[in-house]
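Please treat every number below as a calculation from the coordinates, not as lab data. Note that the coordinates shown come from a computational prediction; the quantities given were computed from them, not determined experimentally. Glycine gets a Cβ as well: all are built from the backbone with ideal geometry, and neighbour counts include every protein chain shown.
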Amino acid sequence: MSFDLSSNYFEIFELPISFTIDLTLLVQRFRDLQQVVHPDRFASASDQERRISMQQSTRLNEAYQVLKDPLSRARYLLELNGIQWEDEKSTVSDTEFLMEQMELREVLSEVRGKRDPLMEVGRILDDVVSRIREMTDELELQFENSDEEHLNQAKEAVRKLQFLNKLKEEAESIEADLEDEL
């Protein structure tokens with residue numbers, strides 16, 4: 001069980017090209033392929049076989065990391081559909097969403113001054129995780145139909161999801177700091 005290095009990530013794991021994937025199946029196929037192509041299995045092989053094993057192992061790990069994460073998977077699907085990313089120039093056009101993000105960041109920056117900062121950051125995290133779930137559900141709907149309009153809506157949803165993930169990371173960092181202070 002080996003794969004062609006030119007295969008897309010879904011082909012490597014023999015999965016349909018879709019935003020919705022069976023994560024259990026992904027993990028199982030990753031482990032199966034990893035056992036076959038892992039460089040340790042080729043320690044006494046020829047230089048060419050070791051090189052190919054290393055290339056396949058690297059590609060396999062990269063594919064797995066992308067497909068297991070909804071945000072990375074969505075970006076990859078958009079790229080497969082010809083939509084390229086320019087992160088520096090890419091921004092959300094939904095002003096209401098941007099205002100909500102600014103407000104949440106402001107609340108997060110003031111959390112240390114609250115009576116129970118851990119409870120407050122937990123509330124913020126719950127809210128952000130809920131919004132991430134909603135955005136992921138929206139992405140599922142957008143990717144069901146791959147016409148240009150839906151792909152553009154998916155791209156906007158990915159941008160929003162990037163904001164939410166960053167906010168989640170910031171809140172988790174503050175939560176960890178607060179727990180360390182206890």
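Taking loop as defined by DSSP and a crowding limit of 12 other beta carbons within 10 Å, which GluC sites (Glu not before Pro) in region 6-56 fit?
Details: sites: E11, E14, E49; in loops: E14.
Taking region 6-56 and a limit of 12 other Cβ atoms within 10 Å, the loop GluC sites (Glu not before Pro) found are E14.
Sort out for me the Cα centre separation of region 117-159 from region 8-35, rounded to whole Å.
What the calculation gives is 23 Å, centre to centre.
Of G82, G122, G113, which is the most mobile in a GNM of the chain whose springs link Cα atoms less than 10 angstrom apart?
G113
Going by alpha carbons, how many degrees (0 to 90, nearest 10) lie between the helix axis of 117-144 and the longest principal axis of the chain?
50 degrees
For D147 and V107 in the same chain, what is the full-extension length gain: residue separation times 0.36 nm, less their Cα-Cα distance, in nm?
10.6 nm
Along each of its three principal axes, how wide is the spread of alpha-carbon positions in the chain, in whole angstrom units, largest first?
Computed over the chain, the largest-to-smallest principal extents equal 64, 47, 30 Å.
What is the log10 of I(q)/I(0) for region 23-80, computed with the Debye formula using one identical point scatterer on each Cα and no solvent, at q = 0.12, 0.16, 0.21, 0.25 Å⁻¹?
-0.34, -0.56, -0.79, -0.94
Quick one: Cα convex hull volume of region 95-181, Å³ per residue?
Per residue, the Cα convex hull of region 95-181 comes to 76 Å³.
Expressed as an acute angle from 0 to 90° and rounded to the nearest 10, what is the orientation of the C-alpha long axis of helix 23-37 relative to the principal long axis of the chain?
Tilt relative to the chain: about 40 degrees.
Which of the trypsin sites (Lys or Arg not before Pro) across region 73-150 are loop residues per DSSP, with 10 or fewer other Cβ within 10 Å?
In loop regions of region 73-150 (DSSP not H, G, I, E or B), the sparsely surrounded trypsin sites (Lys or Arg not before Pro) are K89, R115.
For the Cα atoms of the chain, what angle does the longest principal axis make with the long axis of helix 70-80, in degrees from 0 to 90, nearest 10?
Taking Cα atoms only, the helix is inclined about 60 degrees.
Which residue, A43, A154, A171, has the most motion in a Gaussian network model of the chain that connects Cα atoms within less than 10 Å?
A43
Provide the gained length on full extension for the span D177 to N8, in nm with one decimal, where the gain is 0.36 nm per separating residue minus the Cα-Cα distance. Before the final figure, lay out the partial values.
On the way: separation 169, 0.36 × 169 = 60.84 nm, distance 4.00 nm.
Stretched fully, the D177-N8 segment lengthens by 56.8 nm.
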